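Participant: Have a look at this one before I ask anything.
Bear in mind that the values in this text are calculations on the coordinates, not laboratory data. Owing to the predicted nature of the structure, the values given are computational and were not obtained by experimental measurement. Here Cβ is always computed from backbone atoms with ideal geometry, including for glycine, and neighbour counts include all displayed protein chains.
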Amino acid sequence: MRIGELAEATGASPRALRHYEAAGLIASERAPNGYRVFDASAVVRVRNIRHLLEVGLTLEDVEVFLPCLDGDVTAAPPSERNLRVATERLAVLDQRIAAQTAVRDRLAAAIVEATGGRVRPMA
């Protein structure tokens, strides 16, 4: 199937598919006219990649899941390595949330102070 057909079947944009290919997550052959041609099995792989990205992993994180991208990644028991990557990503997200919450709290306090308490930002 050509890149547009794969995009339509998976909901990924052609640009995203080219990005996944450049990252080594999917592969294509070249037709005589130079167009990318993907195997039908790429549909499952791309759907799994998109699922892993949607839950918060990065493309770099997804590389660890390569051995299981052609199956049901949501039903397969995770390996120790996959769990470690997911847990590390969760810790990074928690750190970012904590940092943003601290910034938000400082800004809210500055607004209250600047307005003498007349304006109280919503929590």
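Participant: Just subtract the alpha-carbon distance of Val43 and Arg120 from 0.36 nm times their residue separation and send over the number in nm, one decimal. Spell out each step's value before the answer.
Facilitator: Details: separation 77, 0.36 × 77 = 27.72 nm, distance 4.98 nm.
Value of the extension gain: 22.7 nm.
Participant: At 25 °C and 0.890 mPa s, grab the translational diffusion coefficient of the chain from Stokes-Einstein with a Kirkwood Rh over Cα pairs, rounded to a whole number in µm² per second. Present the calculation step by step, with values, prior to reporting the outcome.
Facilitator: Values: Rh = 17.3 Å.
After rounding, the answer is 142 µm²/s.
Participant: What is the dipole size for the chain, taken about its Cα centre, with +1 at each Lys and Arg Cβ and -1 at each Asp and Glu Cβ, in debye to the nearest 20?
Facilitator: Working: 16 positive and 16 negative charges, 105 e Å.
Using only the charged Cβ atoms, the result is roughly 500 debye.
Participant: Please order Tyr35, Tyr20 by the number of other Cβ within 10 Å, starting at the fewest.
Facilitator: Numbers: Tyr35 12, Tyr20 22.
Least to most surrounded, the residues fall as Tyr35, Tyr20.
Participant: Rank Ala75, Thr101, Leu53 by how far each Cα sits towards the positive end of the charge dipole of the range 3-114 (+1 on Lys, Arg Cβ; -1 on Asp, Glu Cβ) and give me just the farthest.
Facilitator: Going by the Cα projections, it comes out as Thr101.
Participant: What 222 nm value per residue comes from the helices of the chain, counting each DSSP H run with n ≥ 4 as -39,500 (n - 2.57) and dividing by all residues, nearest 500 deg cm²/dmol?
Facilitator: On the way: 5 runs with 69 residues, N = 123.
Counting only the DSSP helices, I get -18000 deg cm²/dmol.
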